[in-house]
Amino acid sequence: MSANKKLGLRYGIKKSDELWRRALKVIATGTQTFSRSPGVFPDGAAPKYVIRQKGSHVWDVDGNEFIDMVMGCGPTTLGHNYEPINEAIKKQMDKGILFSLLNPLEVEVAEKLVECIPCAEMLKFSKNGSDVCAAAVRLARAVTGKEMILCYGYHGFQDWYIGSTDRNAGVPKCVRELTKSFRYNDISGLSKMFEQYHGRVAAVIMEPVIAEKPKDDFLNKVKALAHENGALLIFDEMISGFRFRMGGAQEFFNVVPDLATFGKGITNGMPLGVIAGKRKYMKNFDKAFLSSTYAPEALTLAAASAVIDFYKENDVIAKLWEKGEYLEKGLRAIIDRHGVGKNVSLAGYPVRLMVNTHDSNGIHNLNLATLYQQEMFKEGILCFAGVLMLSYSHSREDLDCFIDSFDKACVVIKNAVESGDDIAKFLRCKPGSPVFKGLRERNAVSN
Ligand SMILES: Cc1ncc(COP(=O)(O)O)c(C=O)c1O
């Protein structure tokens, strides 16, 4: 039972499990988002369905309350159900949702984003990250006349990217062969790929930072290498945008790409994808096609406008860093105190902190990851075994509760490892199942 008596699995997960049984009959794969599904969260030791959220807390269908460290898979940077943003959405609802002609909010939000994203001289909207990443790749191919793409990180479900993962069913072989992934901080590896695909690379697309911090000026070197080879550099700032800085990791590291994709974070949960970049490239959207009925949907744009204003007026970025630094300091002290560093470690920057669970050789261990989550859920923390999604709404009390829960989880992990028994024996749930095989091991995915 959690130290905070309100939190944790107090009422069981019966209703969650019943809904899941029904879902499996009528929803293919049971879920709309793999990152929200049982397997990513410990099946049997975590709720599956949430019905109410406020600030940094969520309530599941069985009535259990948790501190949320997932925040809608990242987008909810201010907090759930956040009043000033809700107000903006409600006000817009009275004026209209989807207009028959262009709507002024498109211009207003575009101007505000161009002002805060370094590479953005122009932009276009869409409804999600997958689509704008696909649009960026299409644009780079249109601009360069080349076809190969080199990537690092996760970039959504479209053929060009998903064909390069183990979930590539249905993607034609000829498409799969056009995307290759590279390792972070391995500039000579990337350089060799440029040699191997000489004259054929249209773009390097990458999350500018996930778990590893850039070493030895890596990002500038990637940019130089791409440009020497006539390729564009695209930063996928879906998670880093509106977290590292409003203008993303490109602003934080001062490395400006040719194109960038944004989304999560700009709207506090409403569905938006943004492709932004230099005018000389963006104007090629007159031939590289990107158009969608719902792209200018006005509730989302009203939310975006309100979020941007709120960030500026309340110095949200500084607060996210402060909270992240406090959390990181607390967690590091616990890892040291229990001497569990061989099995539990932190990576990344405070605003995108990752909890890694691994064997003593540093190899990701799925059972340890599941054990960690099992114990955190017991204490009332909804979290990935990976990235911690902080929001402006997380209070000092929330962070202290997380740190306290982490402390207890580390004790369980330490005892389990020291027992010498199979870690699976300590699980009261099914072992976890990652969305992709191999990506976590290469630090190329967040959960
Ligand atoms: C870095 C990154 N790029 C692209 C995407 C795909 O975005 P969406 O799920 O909105 O299509 C995600 C989603 O998690 C992401 O984290």
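Here are a few things to note about the model shown:
- Accessible-area ranking of 383, 401, largest first, probe 1.4 Å: 401, 383
- Cα-based equivalent ellipsoid, region 177-242: semi-axes from gyration tensor eigenvalues, Å: 20, 13, 11
- Along each principal axis, Cα extent of region 102-314, largest first, Å: 47, 37, 32
- Whole-angstrom Cα spans of region 54-118 along principal axes, big to small: 44, 33, 18
- Coupling constants for region 125-141 follow from the phi torsions by the Karplus curve (6.51 cos²θ - 1.76 cosθ + 1.60, θ = phi - 60°), and in residue order they are 9, 8, 9, 7, x, 4, 5, 6, 5, 5, 5, 5, 5, 4, 4, 4, 5 Hz; glycine and proline get x.
- Debye, to nearest 20: dipole size of the chain, +1 on Lys, Arg Cβ, -1 on Asp, Glu Cβ: 900
- Directionally averaged shadow of the chain, computed from the convex hull of its alpha-carbon atoms, nm²: 21.4
- Highest mobility in the GNM of the chain, judged by mean-square fluctuation with C-alpha springs under 10 Å and restricted to 181, 395, 37, is found for 395.
- In this label model, residue 157 and residue 332 are separated by 3.9 nm, measuring between points 7 Å along each Cα→Cβ vector.
- Nearest-0.05 FRET efficiency for residue 395 and residue 93, computed from C-beta distance (R0 41 Å): 0.90
- Peptide packing for 139-145, 367-373 was compared via the average number of neighbouring C-beta atoms within 10 Å per residue; ordered from the highest value, the list is 367-373, 139-145.
- In the chain, the portion of solvent-accessible area held by carbon and sulfur atoms comes to 52 percent [1.4 Å probe, whole percent, DNA, RNA and ligands not counted].
- Between residue 122 and residue 18, the contour length at 0.36 nm per residue exceeds the Cα-Cα span by 32.7 nm.
- The relative contact order of the chain comes to 23 percent, based on Cα pairs under 8 Å that sit 6 or more residues apart.
- Per residue, in Å², the accessible surface of the chain once ligands and nucleic acids are set aside, probe 1.4 Å: 43
- With R₀ set to 22 Å, the beta-carbon distance separating residue 361 from residue 188 gives a calculated FRET efficiency near 0.40.
- Under 5 Å, built H, 5+ apart or other chain: amide partners of residue 263: 274
- Summary of packing: across the peptides 119-131, 195-207, 238-250, the per-residue average of other C-beta atoms within 10 Å ranks them, highest first, as 238-250, 119-131, 195-207.
- Spatial separation of Cα centroids for region 405-432 and region 294-334, in angstrom: 33
- Cross-link pairs 124/264; 287/437; 223/283; 48/329; 14/437 - those with Cα-Cα distance over 25 Å: 287/437; 48/329; 14/437
- For region 21-37, 3J(HN,Hα) per residue [Karplus equation, 6.51 cos²θ - 1.76 cosθ + 1.60, θ = phi - 60°, Hz, x = Gly/Pro]: 4, 5, 4, 4, 7, 10, 10, 4, 6, x, 9, 8, 9, 4, 5, 9, 9
- Segment residue 166..residue 425, full-extension length gain: 90.4 nm, with 0.36 nm per residue of separation and the alpha-carbon distance subtracted.
- Relative contact order computed over region 102-314 (Cα-Cα under 8 Å; 6+ residues apart), in percent: 30
- Translational diffusion of region 303-369, estimated by Stokes-Einstein from the Kirkwood radius over alpha carbon pairs at 20 °C in a medium of 1.002 mPa s, is 155 µm² per second.
- The length gained by stretching the chain between residue 415 and residue 173 to full extension, at 0.36 nm per residue less their Cα-Cα distance, is 82.4 nm.
- With the highest mean first, a sort of the peptides 271-277, 172-178 on other beta-carbon atoms found within 10 angstrom per residue produces 271-277, 172-178.
- Kirkwood Rh and Cα Rg combined as Rg over Rh, evaluated for region 107-162: 1.01
- Mean separation of Cα contacts under 8 Å, 6 or more apart, over the residue count of region 316-447: relative contact order %: 27
The values are calculated or read from the model by the stated rules, or taken from the named source; none is laboratory data. Nothing here was measured: the structure is a model prediction, and the numbers come from that model. Because the Cβ atoms are built from the backbone with ideal geometry, glycine has one as well, and the counts that use them run over all protein chains shown. Accessible surface is based on the protein model in full, side chains and every heavy atom, while ligands, DNA and RNA are left aside. Shrake-Rupley method; radii C 1.70, N 1.55, O 1.52, S 1.80 Å.
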